[in-house]
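The values are calculated or read from the model by the stated rules, or taken from the named source; none is laboratory data. Note that this is a predicted model, so its numbers are computed, not measured. Cβ: placed from backbone, ideal geometry, glycine included. Neighbour counts: every protein chain shown.
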Amino acid sequence: MSANQEPAVRTYFGWQHEKVAFLFGMSAQRVAMLAAAVLTAIWPLASSRLQSGLVLWPISIALIAIVFVRLGGRTLDEWALAFVSFHLNKSRTRTKFLSAAFAPESVQDKAGPKPMDLPGVLAPLKIMEGNGPHGAPLAVAYHRLDRTYTAVAKVRYSGISLVDSSRREQRVSGWGALLAGLCTEGNVITRVQALQRIVPESGAALRRWHHDHVSPAAPEVSVAVTEGLLATATLATSQREAYLAFTMDESRARAAIKSAGGGSVAAAEVLSRHLRALGASIAGADLQIESWLSARDLGEVIRTAFDPHSGRPLAERRANASGLGAQGLPAGVDPAVAGPAAAESMPHAYAHDGAHSVTYWVHDWPRNHVYATVLAPLLGEGSHRRSFSMHVEPLGPREASRKVMGERTKRSIAVGMRHRTKQIVPEHEKQALARAEAQDAELAQGHGLVRYTGYVTITVTDADQLEDACMALEADAAAARIEIRRMWYAHDAGFAMGALPLGYGLPRKRW
C-alpha cells in the first residue's frame, strides 16, 4: 500500500493482484483451453473429415464458453471445479458435522475429557495455554498441519472517523509502522489478523454494575424502572469487538524453540516473548490491549461465533464471575466444547447451531485514491451480526524484492506482447505496471511489502432474513468502493477465515 501526500488529507492506493494474466488477460489454464478449442475446431477441416465435426465442434464451442463466459465474476471452469469438489465431499458426508454427545473420545485417555472438536478446516487446531506477556494465562492455537502458533489479543481503539485529519494520519501511520516492523528478514511472526465483529449488546456488565452500586435506600419504584430499562433497552443496541491475532511460524522459530527447551511449552514461551516486544508498536497505533485471551476466553469467542444464542448467558456468567463475592461457573468456555454441536455446509450458506452465515471475500479493493475512512460503511452498525477480517502477511526484504521484480517482469511482458501484436494496451495494465515500478522504488527506499486479503461474514438467526442481510452487506461494500464475491460452495471455510480470530485465511501461495 502506498500513499500520495496531498496538501490537506492523505489518500491511499496501490494494491496489486498476485495473479498476473498469462496472455492477453487470460490465465495459463484458460490459454491452454482456448488453444485446445481452436485445434478441435480446425481438425475436421484440416483432415478433410467433416463428419467428425459433428462431435468436435460442439466440444470446441463448450471450451470457448468455459474460457470466456463468466457468471458472478467467475469463469465456468471455476464453477465446475467448486461444484464437483463440493458434491464429492457431500457424497462422503463431509459437509455435515456432529459434535457434543457425538464427539470422538480421546485416543490416549478414553475416560478423560473429550478432545477439542472443530469442523472442516479447523479440525487440525488445538488450543493450549501458556504464560502471556505479563504473566497472565495465554491461549495459543496450534495448527498441526501448518505448524503455526497463534495468540489473540482483545483490543480497544479510538477510531478515526471523528478525529481531525492529523490525528487520523498519526493512527494510520502507527498501524503501518507496526506492520513495517514485522517486514524484517527471518521474522518469526508471519501473519497478522485484524478482526472486528458487531454483536448485539447483552447489557450484562451494565446490570452487574447497577446491582453492585444501587443504594439500599433507593426508592423501590426507581429501582424497578431502572431494572426494566436495563432488561429491554440493550436489545436494540450492538457493541463492537476487536481482536488482533499474531501467528508464529514454527520453522522460522525452530532455533529459539530448541534453545527454550523444545516442545509446545517452549514455543508458547517464544511467542510470548515476541508479543512482549510488540507492545510498544501496538501502543503506537493507538490500540489498547484489554487482555491477551486465555484458553477459556478464546473458547468463548469461538463459541459465540458458532452459537449466537449463547452470547447473552456467557456474558451474564462473565459479569457474575467478576462481581464481588459471586459464586458460580468461571467465565469463558472450555475449548473442548467451543465448537458447534452441529453444522452443515451448503452451496449458498453455512448452517451452525441455529444460525446461518454467508461469507464474502474482497476481490477488488478501491482502484482510485481513497481516504483512510473508506471502509466505514462496511463496518457500520446494522441489524445483523457482521464481522470483517483482514489477514496480513509481512514479507522480508529479499522475498519482497523477488516478488516485486517478478511482478514487474510479468507486467512488462504482458504490455510488450500487446505492443508486438499491434493491440491497444488497456489502461488497467498500464496502471498495474506503473504501480509495480512504484513498489520497486519504495522498496529501494526502505519501505515494507505485505500480502493481504479480507473477508466479511454475515450471520443471522432467522434463515428468512439471510438474503436481506446479504443485500444490505453488498450495498455497504459498494459504498466502501470494494468488490466482494460470495464464497459459493465454500462457506464453511469462509466462516473460519472471516468470523474467527485464529490467524487462518491467507494461504502460503495464491492459486
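If you take the residues of the range 205-258 that are small (Gly, Ala, Ser), modelled with pLDDT of 90 or more and not in a loop (DSSP other than H, G, I, E, B), which of them is nearest to the chain's Cα centre (by Cα)? I'd like the intermediate steps shown before the answer.
The first filter runs over the range 205-258 and keeps only residues small (Gly, Ala, Ser), leaving 205, 215, 217-218, 222, 224, 228, 231, 233, 236, 238, 242, 245, 251, 253, 255-256.
From what is left, the residues that are modelled with pLDDT of 90 or more are 242, 245, 251, 253, 255-256.
Remaining after also requiring not in a loop (DSSP other than H, G, I, E, B): 242, 245, 255-256.
On the way: ALA242: 13, ALA245: 11, ALA255: 30, ALA256: 28 Å.
My answer is ALA245.
With out of contact with any strand residue (DSSP E or B) (no Cβ under 7 Å at 6 or more places or on another chain) and closer than 26 Å to LEU378 by Cβ as the only criterion, which of ALA434, ALA480, ALA469, ALA463 stands out?
ALA480
Can you pull out every residue in the range 136-176 that is assigned to a loop (DSSP other than H, G, I, E, B) and more than 30 Å from SER251 (Cα to Cα)?
The first filter runs over the range 136-176 and keeps only residues assigned to a loop (DSSP other than H, G, I, E, B), leaving 136, 144-147, 158-164.
Listed by number, the residues that qualify are SER158, GLY159, ILE160, SER161, LEU162, VAL163, ASP164.
Among the candidates VAL374, VAL404, single out the residue that is of a type in the set (Val, Ile, Thr) and surrounded by fewer than 20 Cβ atoms within 10 Å (Cβ to Cβ). Walk me through it before giving the result.
Details: VAL404 fails: surrounded by fewer than 20 Cβ atoms within 10 Å (Cβ to Cβ).
None of the other options fit; the residue is VAL374.
Name the residue that is surrounded by the most Cβ atoms within 10 Å (Cβ to Cβ), counting only residues in the range 382-401 that are outside any helix (DSSP H, G or I) and among the basic types (Lys, Arg).
ARG386
One line per residue, one yes/no per condition, for (1) at pLDDT 85 or above; (2) assigned to a strand (DSSP E or B); (3) within 20 Å of TRP175 (Cα to Cα):
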position: SER272; (1), (2), (3): yes, no, no
position: ARG276; (1), (2), (3): yes, no, yes
position: SER291; (1), (2), (3): yes, yes, yes
position: VAL301; (1), (2), (3): yes, no, no
position: ALA305; (1), (2), (3): yes, no, no
position: ARG312; (1), (2), (3): no, no, no
position: LEU324; (1), (2), (3): no, no, no
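Out of the residues in the range 407-450 meeting the condition of being part of a helix (DSSP H, G or I) and under 26 Å from the mean Cα position of the chain (by Cα), tell me which one is farthest from GLY186 (Cα to Cα). Talk me through it step by step, then tell me what you get.
Taking the range 407-450 as the starting set, the residues that turn out to be part of a helix (DSSP H, G or I) are 407-420, 427-444.
Narrowing the set further to residues that are under 26 Å from the mean Cα position of the chain (by Cα) leaves 407, 432, 435-436, 439.
On the way: GLU407: 22, ALA432: 29, ARG435: 26, ALA436: 24, GLN439: 21 Å.
Ranking the qualifying residues of the range 407-450, first place goes to ALA432.
Can you confirm whether the range 462-478 contains a residue that is over 30 Å from SER294 (Cβ atoms), in contact with a Gly (Cβ under 7 Å, 6 or more places away or on another chain) and not hydroxyl-bearing (Ser, Thr, Tyr)?
yes
Kindly indicate which of ALA480, ALA436, ALA490 is surrounded by 16 or more Cβ atoms within 10 Å (Cβ to Cβ) and in contact with a Lys or Arg (Cβ under 6 Å, 6 or more places away or on another chain).
ALA436
Can you pull out the residues in the range 71-115 that are surrounded by 11 or more Cβ atoms within 10 Å (Cβ to Cβ), in a loop (DSSP other than H, G, I, E, B), under 22 Å from the mean Cα position of the chain (by Cα) and at pLDDT below 85?
Matches in the range 71-115: GLY73 only.
Select from the range 234-277 the residues that are of a type in the set (Val, Ile, Thr), surrounded by fewer than 22 Cβ atoms within 10 Å (Cβ to Cβ) and closer than 30 Å to LEU378 by Cβ and list them in ascending order.
Residues satisfying the conditions are THR234, THR237.
Given the conditions (1) without any contact (Cβ under 8 Å) to a residue 24 or more places away in the chain; (2) within 30 Å of ALA349 (Cβ to Cβ), report the number of the one that TYR452 does not fulfil.
(1)
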